[in-house]
Amino acid sequence: MILVGSLDDIPLGEAVRVDAEVPIAVFNVDGELFAIDDTCTHQDASLADGWVEGCAVECPLHAACFDLRTGMPSGPPAKLPVRTHEVVVDDGVVYVRVTESVEAAA
Amino acid sequence: MRTVAVIGGSLAGLSAARALREQGYDGRIVVVGEEDLFPYDRPPLSKEFLAGKIEMAELALTTPTEDAALDLEWRLGDPATGLDRGARAVVLASGREVPADGVVVATGARARTLPGDLHGVHTLRTADDAVALRRDLVVSRRLVVIGGGFIGAEVASTARDMGLEVTVIESDPVPLGRVLGADLAATCAELHRDNGVHLITGEVVTGLAGNGRVSAVHLAGGRTEPADVVVVGIGAAPNVEWLAGSGIEHDHRGVWTDDAGATNVPQVVAAGDCAFSPCAYAGTAVRHEHWTNAVRQPAAAVSTLLGATPAPPTPPYFWSDQYGARLQFAGHRLPDDAVEIIDGDPADRRFVAGYRHNGELVAVFAMNQPKLFGRWRRQLSPRIVPAGLP
Ligand SMILES: Cc1cc2nc3c(=O)[nH]c(=O)nc-3n(C[C@H](O)[C@H](O)[C@H](O)COP(=O)(O)OP(=O)(O)OC[C@H]3O[C@@H](n4cnc5c(N)ncnc54)[C@H](O)[C@@H]3O)c2cc1C
Ligand code: FES
């Protein structure tokens, strides 16, 4: 697991970016935390900079939307999902359990 | 409607075809394209693709399998040469005809050129252009870019990364001044200088010199800039000539449409880089030449074609990547708008600026500040709602 930081450091409606093997973005949606790969699967924008609406984040560059729960894009220009990761909160401290990539798991 | 012909097989054409299916049209869709390629994405042509960092396959906007459910019939490599209203058919260069009871005009634009046919002189609009330009850049030392607009600046940036000596020549006092206003344009011009690019402004190119291959660019006043390779980035002209005699109103500014994409001819709509349309955010008719417009405008035009009400327009938007900086602009600036820095400092190359008209925020520009840009972009107000044809 990787350490993200204190729960207080992720305000409601905001996101933070952490550097794992690939950058990961952690979002706080109404108190619920979601973690996904930070880099948009379309080109190279940081989704932590995106606009959050409900359980979706809109990429700041070309507006592809990703569901924070599943990582699925809702339409073009993104075609591939982003990976989602499990978020663990322990005593006010936030951790992410990074999902192994499909290739690495195989 | 039983057949819709989409003329133009690129971003706007593909977006129109997708929108037709999304909006429930289940008849035939024939997509006619001049290029012999399935739709591909142009923005990387001046950036990662020109730099050799990504391959052609990564530019694909669709593959036949991916969009199989759309059930599109492609007529590629066979441009439309005319539209026969009487026969309700689109005529192709091969002489074939595509009978259609609905037509989406999405023929985009082409790069403006300078007269002459010296080797080493390039424009950049298509994948072929980018491949040819790259081939020349890798064996050249000195690049001269004529025109300091977005494409010129991006090519200069990429070539600089490849190790070339680069000069950019701009006839205006500052490049991008008409789009961004003098102050913010000056900040963008600094990016050239930060990165060791020689920027010449306020000077007009009078001709190209060379014997078979280009060797120099002549400027008014007798000055000469040596060059092994030249990129002409002086804008794009809409591909509308094929509509001559069709009765569809058009001129050098593009195909005239109303704010919902309708032309003056029933069941013919237009969208993307070829369309000259009233824009609520500009308060006037304009031809938007940006990626996001080529994705969104077709959906509105298709609604019009299907007799539905289009979704309300969103502010125009474009981005540009130059010298590692991400520039983003939304809305439309007019010369008397007031400019203010909303966040950050232009000297740090990281800031957001707003443009106001009578106190209303009408446009926003950001450098390396995507998150705040996204927030401000949602606050923009339209100027007026134009109605009717331009
Ligand atoms: C190098 C480059 C970099 C860019 N970078 C950016 C960027 O960073 N940000 C941004 O917002 N925008 C950018 N753009 C702009 C963006 O790519 C365009 O706005 C977009 O491609 C417009 O799509 P379109 O389908 O309307 O027109 P086009 O892409 O021009 O496509 C029109 C298609 O129609 C075809 N055609 C023409 N005539 C006929 C005919 N008679 N019959 C059949 N087919 C025909 C053409 O061959 C072409 O394939 C860039 C453009 C270029 C060229
Ligand atoms: S980079 Fe995210 S949509 Fe293009």
*Being in a strand (DSSP E or B), out of contact with any Pro (no Cβ under 7 Å at 6 or more places or on another chain) and more than 22 Å from residue A:53 (Cα to Cα) narrows it down to one of B:365, B:318, B:329, so name that one.*
B:365
_Quick check on segment B:115-137. Is at least one of its residues open to solvent by less than 10 Å² (accessible area, probe 1.4 Å), over 30 Å from residue B:265 (Cα atoms), more than 16 Å from ligand 1 (Cβ to nearest atom) and in a strand (DSSP E or B)?_
no
*Name every residue in segment B:33-72 that is more than 18 Å from the chain's Cα centre (by Cα) and within 16 Å of ligand 2 (Cβ to nearest atom), in order of residue number.*
B:53, B:54, B:58, B:62
*Name, by its number, the condition in (1) within 15 Å of ligand 2 (Cβ to nearest atom); (2) more than 11 Å from the chain's Cα centre (by Cα); (3) touching a residue at least 24 places away in the same chain (Cβ under 8 Å) that does not hold for residue A:37.*
(2)
*Quick one: residue A:39 ticks every box in (1) open to solvent by 10 Å² or more (accessible area, probe 1.4 Å); (2) modelled with pLDDT of 95 or more; (3) within 16 Å of ligand 1 (Cβ to nearest atom) except a single one, so which number is it?*
(3)
_Selection status of residue B:289, in contact with a Phe, Trp or Tyr (Cβ under 6 Å, 6 or more places away or on another chain) and either open to solvent by 20 Å² or more (accessible area, probe 1.4 Å) or more than 17 Å from residue B:23 (Cα to Cα) (or both)_ = no
*Kindly provide the set of residues from segment A:67-88 that are more than 9 Å from ligand 2 (Cβ to nearest atom), part of a strand (DSSP E or B) and crowded, with 17+ Cβ neighbours inside 10 Å, ordered by number.*
A:67, A:84, A:85, A:87
*Taking residue A:44, is it within 16 Å of ligand 1 (Cβ to nearest atom) and surrounded by fewer than 19 Cβ atoms within 10 Å (Cβ to Cβ)?*
yes
*Could you check, for segment B:73-94, whether at least one of its residues is within 14 Å of chain A (Cβ to nearest Cβ) and more than 16 Å from ligand 2 (Cβ to nearest atom)?*
no
*Among (1) β-branched (Val, Ile, Thr); (2) over 26 Å from residue B:47 (Cα atoms); (3) more than 14 Å from chain B (Cβ to nearest Cβ), where does residue A:16 come up short?*
(3)
_Take residue A:61 and tell me if it is at the interface with chain B (Cβ under 9 Å from one of its Cβ atoms) and crowded, with 21+ Cβ neighbours inside 10 Å._
yes
_For segment B:284-310, give me each residue that is assigned to a loop (DSSP other than H, G, I, E, B) and within 14 Å of chain A (Cβ to nearest Cβ)._
B:290
*List the pairs whose first member sits in segment B:29-50 and is closer than 25 Å to residue B:89 by Cβ and within 12 Å of chain A (Cβ to nearest Cβ), whose second member is at pLDDT below 95 and not in a helix (DSSP H, G or I), and whose Cβ atoms are under 6 Å apart, counting only residues at least 6 apart or on separate chains?*
B:39/B:61; B:39/B:62
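Residues are listed down the side, and each one gets a yes or a no for (1) more than 10 Å from ligand 1 (Cβ to nearest atom); (2) surrounded by 16 or more Cβ atoms within 10 Å (Cβ to Cβ); (3) on the phi < 0 side of the Ramachandran plot:
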| site | (1), (2), (3) |
| --- | --- |
| B:12 | no, yes, yes |
| B:22 | yes, no, yes |
| B:44 | no, yes, yes |
| B:59 | yes, yes, yes |
| B:71 | yes, no, no |
| B:84 | yes, no, yes |
| B:94 | yes, no, yes |
| B:98 | yes, yes, yes |
*Of the conditions (1) in a loop (DSSP other than H, G, I, E, B); (2) within 13 Å of another protein chain (Cβ to nearest Cβ), residue B:1 fails just one. Which one is it?*
(2)
*Using the structure shown, decide if residue B:118 is under 30 Å from residue B:173 (Cα atoms) and in contact (Cβ under 8 Å) with a residue 40 or more places away in the chain.*
yes
*Does segment B:24-32 include one or more residues that are closer than 20 Å to residue B:295 by Cα, open to solvent by less than 10 Å² (accessible area, probe 1.4 Å) and under 19 Å from the mean Cα position of the chain (by Cα)?*
no
*Among the residues of segment A:47-63, write down those that are out of contact with any Ser or Thr (no Cβ under 8 Å at 6 or more places or on another chain) and either of a type in the set (Ser, Thr, Tyr) or within 16 Å of ligand 1 (Cβ to nearest atom) (or both).*
A:59, A:61
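The values are calculated or read from the model by the stated rules, or taken from the named source; none is laboratory data. On a predicted model such as this, the values are computed, not experimentally measured, just so you know. Neighbour counts run over all protein chains shown; Cβ positions are idealised from the backbone, glycine included. Note: accessible area is taken over every heavy atom of the protein model, side chains too, but ligands, DNA and RNA are not part of it. Shrake-Rupley method; radii C 1.70, N 1.55, O 1.52, S 1.80 Å.
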